[in-house]
Structure formats: structure tokens, C-alpha cells
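Values quoted throughout were computed directly from the atomic coordinates according to the rules given, and no laboratory measurement underlies them. Please read all numbers here as calculations on a predicted model, not as lab measurements. When we count neighbours, we look across all protein chains shown, and the Cβ atoms used for this are built from the backbone with ideal geometry, even at glycine.
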Amino acid sequence: MGLLSRLIKWARIKSPWILHLNTGGCNACDIEVLATLMPRFDVERFGIILMGSPRHADVLVCTGPITKQMKPRFRKLYEQVPDPKFVMAVGNCACTGGVFKGCYGIEGGIDTAIPVDIYVPGCPPKPEAIIDGVAKLLAKLQNL
Amino acid sequence: MSRNIIPIGPQHPALHEPEHFQIIVEGETVVDVKPRIGYVHRGIEKALENRTYIQGAFLVERVCGICSNAHQCTFMMAAEEAGGIEVSEKAQFIRTIVAELERIHSHLLWLGAAGLEIGFETLFMYVWRDREVVMDLLEAISGNRVNYAMNILGGVRRDISPELADKIRKGLDYLEERTNYYKKLCLEESTIHKRTEDIGVLDPVTGVKLGAVGPTIRASGVKFDVRKNDPHLKYDEADFELITWDTCDTFGRVVVRVLETIESIKIIRWCLDHMPKKGDIMPEKLIRRVPEGEAYSRFEAQRGELVYYLKSNGTDKPYRVKIRTPTMANILSLAEILKGCYIADVPIALASIDPCFSCEDRVTFVDIEKGKTWTWTREELRKYSREFNEREKRW
């Protein structure tokens, strides 16, 4: 591995920027994802920063089941994220569709639309669980 | 001056759910707003018809994760009223306590988010740190930080022991101290005054006409609160004041929410003092079927009046459920609120109704005459907002 690619890998592990995206969930996971970034849990110490634009993000943090209306837009958004991109599905709905399974408005979990790297189950998962998911994702980046 | 359309949403990075707004501007001033809702449409009302009351209780909680207890409690109140099911005294007290704790959590969350919108990030971090105290209390009561699943037909799932009550009192002392500090801050800090005063004005007549509810209408001086007007749970006995503010603008909405947090702390203290020591919290036998009937139940959720209509047909599944959420009621007045705002004030004015969705993430600006399109992220919009305010010497 050359110096440059080693440097890129180091930078990627030290500062994964995330884009938080609600694809039709109930807000519960969203406030927990946000709480993870707040003073008590503070994942910013891993270099994680919430970004506003998909073009700046490395990791897509998705919450909620995919609604039929949101699916085409969500795919577009996924395509805007530069490679290599990683997807984290936070919450039961994002993993499988959860409690909304069978509702006519939803498609199912995030993985019905895009490939997912890390699943964090829970309704909503506690910030500790989300941090665990983040740590596992960072380990995955290490072996890339 | 030429009219331009600014589409906002449906993706956004921070708090809220996907939603789309078309904001029509003349130069820097907003002249009209067209909301386009439905990105989070999941079909919950229909799904409730295929689920038993016990399953449905978990589904209605997830209409909105921030007011989850309000939804579940209203659903249960509607079913209990339709079927004539009794709820014990103690269960009513516990429901009131959880409802008010949830209000504190939601109002603090909103205050932090509002701080972020006006570029006051210290407030955001402070408030979210203090909010963790409420989350701990809710976790101690229900076992989960969000989505508490406290209500069942005819009662609640978990009891509040005297030790837990002491813990809640201790938490409330801390929260009261902090909330009084935020009250002082909101009333005196010039950053908040300058960014919120006379922005997003909603006069009471228009507000009532368009059916605005909750802190949005109370900030316009209208005394409308289901807890006072049509008391449910223990609100008819509890000692608290109906908070209103007469400035009709975003500043009023900030102040109303902060003052309501203090009232909520008062209500919880009263409930803890007057709660019967003994008594059942739930019926001996789990109720599965609701006798035939229909009911209309109202609840003062954090964002305003929440309404459930329920028709039961004697089976274990409801025949029809209709939900009207406070944001749905407030969305009509949102157009009035945003009219006359500057583009830079749109994020805070939009946030001032505490919408269950918001989407300042990606803004595309379209100049119709030149046929030019460009895109701003929420960060860029916020940056523009700060620059604009500095330029105009509004700080």
C-alpha cells in the first residue's frame, strides 16, 4: 500500500462525516442519533461530524422505513454520496420495516432500496447502541 | 419585482422528517408558501384496523416519536371512552406525570433546535445536555428513553414507587433551576430578541380562523389549552397556569414554551404529592375487547391539541380510527407566519410552530425569469442568514 492510500485510509477512519437521513420514520431514532452527537455521548471525539449535504458525507445514517414517496428521492440521494460510501441503518424500521410492516405506504427496510453495511436494531436504539454500531463501522473501515 | 420560487426539501440533515415547501419570494421577502406533505405517509390509520388494541397501542406510539406518550394515551382514552372502561385513580396520576415529563423533554428539545436555527449553538448544547436529565427520569419510569409504552386499556404498565418519586423530585429541582436560567436568558439575551422579535407574525384572528393550536396560538394571546378548556387526566385538579404571550411572533413562541416547561414541573410535583399511595394501576384481567361505541378524545400534546376519533364494534380490533395531529392543524397558519419574512428568517419561523417535519437541508433557488437554478445546503442557508443579519446590523 502506497503512502497516499495509507494516508487516505487514516483520514477516513479519523474523520467519518455523516449525513443523517429520515426516510419516513417517527422521529424517535432521529432524536437519539442527535443525542449521540450531544455533550453527554459526544461522538465528535471520534471525528464524526454531521454534514448538511450528501456530497460531503462518507456515511449515510438512515432512520425509519422507506416510504413509497421517499424511495426515488432516497436513491438519488444515495447516488450523490461520493465513493466509498457506507450505510448505517438505525432502528428496527430501518432494518426490516419493524412495526410498520404491512402498512400500505411503506416499502420495507432501507435494504429494499440500497445496500446496508451496519444494522443497529432497537426501537429506538439507545445512544450507546448507536456508538457501538459506529465503532463496528470504523473497524470495518480499518479492514477495507 | 420578479417572483421567484424556492423549493425546500424533502431531504435535510438535522432534526426533522422529510417534507417539501415551495416558498415564493419577491426579492428577499416571502410572499407565499405552498407546503407539500406526504413523504412520511405510512398508512397507520388503515393499519390500525387490522391490529388489535394491544398491537395498535405500539403502532400509534410511532406516529411521532417525540410525542409518543400523547398519541398512545389519547388512543387509549378514546378506546376507554367508547367501551366505558374505568381507569383507576393512580393510573391517571401516572399518565399525567409521564405526559408532563414528555412535554418538558419536547420543549427543551425544541428550545435547543431553535437555538441552532438562530445560530446560538451554545444554547443548543446546554439545553440538550440538561434534557438528558428528563430522558433519565423517563427511562427510570418506563424502561425506555423514547417510546415509553406506558399505557394499556384501563391503566398503565408500570408503577411509580416512593423511591422513584424521590428521584423524580431531585431531577425536577435541577431542571427547575436550569429552566429558570433559560427563562432569564430568553427574556434578556439580545441575540434571541433580535432574531425572533416581529418575525413570523400570526395575529390571533387569523390564527383562530386557520385553526392553529398549542403554543403557536397561545403565543398570539389566545387562551386555548385542552388542559384548561376540556380537562382530561388530572388536569382539572392540578394547580397550574395557562401560559399566553401577546407578542404574536416567534419570540412569543419561545417564551411560551419555556414558561410552560416551568408549569409542567409544577404539575409533576403536585401529582407526586397527591398520588394515592395504594391502589391498582391496571385492571386485574387484561382487557382485549372494547364494547361497541364511538368516542372523540382530545389531548394537549406538546405541539397542541391532538384529536383521536375511534369507533369500536365489539371485537378486539377498532373499526375506524382517525387521527388529527397538531402539526396538521398548524400547517395552514404556517403560510401566514412565513409571509413577510426574509429568506434568512425562514428556518426559525418554520421551526417556530415546532413542526413534526422540517426540511431546511437542501434549498434550490430558481430564478424564473433567467431560468437559472442553484442549490444551497442548510449550512449555506444558515451562513447566509448570519451574513445577512450582520450586513443589516440586526445583531
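List of remarks:
- Distance histogram in 10 Å bins (all Cα pairs of the stretch B:184-328, percent per bin): 10, 29, 29, 20, 9, 2
- Beta bridges from DSSP with both residues in the protein assembly as shown: antiparallel share about 70 percent, rounded to the nearest 5.
- Based on the reciprocal of the average 1/r between different C-alpha atoms, the Kirkwood radius for the stretch A:61-144 equals 13.2 Å.
- Largest-first principal axis extents, alpha carbons of chain A, Å: 52, 33, 25
- Compactness of the stretch B:142-257 - radius of gyration and Dmax, Cα, Å: 17.9, 49
- When the convex hull of its Cα atoms is projected in every direction, mean area for the stretch B:268-358 (nm²): 9.7
- Rg and Dmax of chain B, based on Cα coordinates, read 21.6, 73 Å.
- Relative compactness, the protein assembly as shown, computed as alpha-carbon Rg over 2.2 N^0.38 Å: 0.96
- Close lysine pairs were tallied over the stretch A:21-142: pairs 8 or more places apart or on different chains with Cα atoms under 29 Å apart number 21.
- Proportion of all alpha-carbon pairs of the stretch B:61-179 beyond 24 Å (%): 32
- Working from Cα pairs under 8 Å separated by at least six residues, relative contact order for chain A is 26 percent.
- Summarising the overall dimensions of the stretch B:1-139 from its C-alpha atoms, the Rg and Dmax are 19.8, 64 angstrom.
- Kyte-Doolittle mean at least 0.5, axial Cα span of 15 Å or more - DSSP H helices of chain B: B:250-274, B:326-338
- Spatial offset of the stretch B:253-283 relative to the stretch A:62-127 amounts to 37 Å, using the alpha carbon center of each.
- For the stretch A:56-107, convex hull of alpha carbons as volume per residue, Å³: 64
- Computed about its Cα centre, the charge dipole of the stretch B:246-351 is approximately 540 debye, with only Lys, Arg, Asp and Glu carrying charge at their Cβ.
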